[in-house]
Amino acid sequence: MDDTLILGIETSCDETAAAVLRGGRRLLSHVVSSQTETHAVFGGVVPEIASREHCLRLGPVVREALTQAGVGFGDLSAVAVTYGPGLVGSLLVGVSGAKAMAFAAGKPLVAVNHLEAHIYANFLEHPDLEFPLLALLVSGGHTHLILLSGHLRYRVLGRTRDDAAGEAFDKVARALGLGYPGGPLLEQAARDGDPAAFAFPRAALEPGSWDFSFSGLKSAVLNSLNRARLKGEDLKVADVAASFQQAVVDILARKTVAALEATGVRTLALGGGVAANQALRRRLRAETEARGVAFVYPAPVYCTDNGAMVAMCGHWRYLASSFADWRLNAVPGLILHDFYKENRKM
Ligand code: KG4
Ligand code: ZN
């Protein structure tokens, strides 16, 4: 029986989170301390404040995760931590804290890439997911189409050339005066809107490419708003939100379907904050059902940043003996295949 016990720590942006996972299957605890309210008055995350908040919250969050799980440091198999990509100061708090805890407890340290953690969130509820699988990762900082041939084996098929999907949601939400964080508020506003009210552009890029682009769409929405303001017209916020959301969903779904068809992969997994979006889930469910492709996505609490996904990925790295040494540093610009290459050298 696999009775590994992994503590997962996440501090890459504005969530201080920790979780304890047993045997890669049983989540014993899952604690998230969100700084959303602290940053909301500034309309976005203030990095220095985020780092300071992580310093204050990390200890209590880890203690609560261990207490809820009914375990102590001595029971752990390893401490897994996100070391990139993200805000350097925020990452440093998690990495330094995890190193100190692992060193003091005499446990191995496991370094997890935040992007792979978002994909691994799917294994929390579907531990027996089979490979190969295609992952659509849509977060505030990244938009990637990734092919997994096995655990920890990634090939990035496509990525955004400009804005990330979540970033576009946040910027359009801000322009519409919806507040922060933009994604969920925009989705809410779009509920009463007509998705066909505005014909916003869907950049397709050159044939054969699985890359994405959202900056043209974002500019088109902002231009429509500015034009209307200059003319003194009143645009219906719900219609703009619904039409924008529909365009994002179209862009993401078209490339994902094209990649599924070209690769013949029979399983699609969704990950990252934007994976919580119901319109995106509905569309991908319809597309995959029509093709007999299995479709999984994490529960909303595991779509946004959390420690459980770090523990889940850490579990597989632990089984693969993929350990970090005490020189581990935060890597704010970490990319996915870099991690794999780096790890083979460790
Ligand atoms: O994965 P995440 O928590 O952090 C990053 O790693 O970036 O993703 C946060 C992003 C934000 O841009 C947020 O607006 C977006 O995910 N988001 C959503 C929804 N919930 C969160 N976007 C669209 N619809 C949602 N329901
Ligand atoms: Zn994230």
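The values are calculated or read from the model by the stated rules, or taken from the named source; none is laboratory data. Keep in mind it's a predicted model, so treat the numbers as computed, not measured. Note that we place each Cβ from the backbone using ideal geometry, even for glycine, and neighbour counts take in every protein chain shown. These accessible areas exclude ligands, DNA and RNA; they are computed on the full protein's heavy atoms, side chains included. Shrake-Rupley method; radii C 1.70, N 1.55, O 1.52, S 1.80 Å.
A few notes on this one:
- Criterion violated by ALA197 - all others in (1) open to solvent by 50 Å² or more (accessible area, probe 1.4 Å); (2) out of contact with any strand residue (DSSP E or B) (no Cβ under 9 Å at 6 or more places or on another chain); (3) more than 16 Å from ligand 1 (Cβ to nearest atom) satisfied: (1)
- Inter-residue pairs, beta-carbon under 8 Å, first closer than 12 Å to ARG266 by Cα and in segment 279-299, second in a loop (DSSP other than H, G, I, E, B) and open to solvent by 60 Å² or more (accessible area, probe 1.4 Å), 6+ apart: GLY292/ARG266; VAL293/ARG266; ALA294/ARG266; VAL296/HIS126
- So LEU157, is it on the phi < 0 side of the Ramachandran plot and either within 14 Å of ligand 2 (Cβ to nearest atom) or modelled with pLDDT of 95 or more (or both): no
- Scanning segment 60-76 finds one or more residues that are in contact with a helix residue (DSSP H, G or I) (Cβ under 6 Å, 6 or more places away or on another chain) and either assigned to a loop (DSSP other than H, G, I, E, B) or surrounded by fewer than 16 Cβ atoms within 10 Å (Cβ to Cβ) (or both).
- Number of positions in segment 249-279 that are within 16 Å of ligand 2 (Cβ to nearest atom), touching a strand residue (DSSP E or B) at 6+ places or on another chain (Cβ under 9 Å) and not polar (S, T, N, Q): 7
- Top-ranked residue in segment 1-36 [being of a type in the set (D, E, K, R) and open to solvent by 50 Å² or more (accessible area, probe 1.4 Å); ranked as farthest from ligand 2 (Cβ to nearest atom)]: ASP3
- Test: residue in segment 143-162 that is closer than 21 Å to PRO300 by Cβ, open to solvent by 60 Å² or more (accessible area, probe 1.4 Å) and not in a loop (DSSP other than H, G, I, E, B): no
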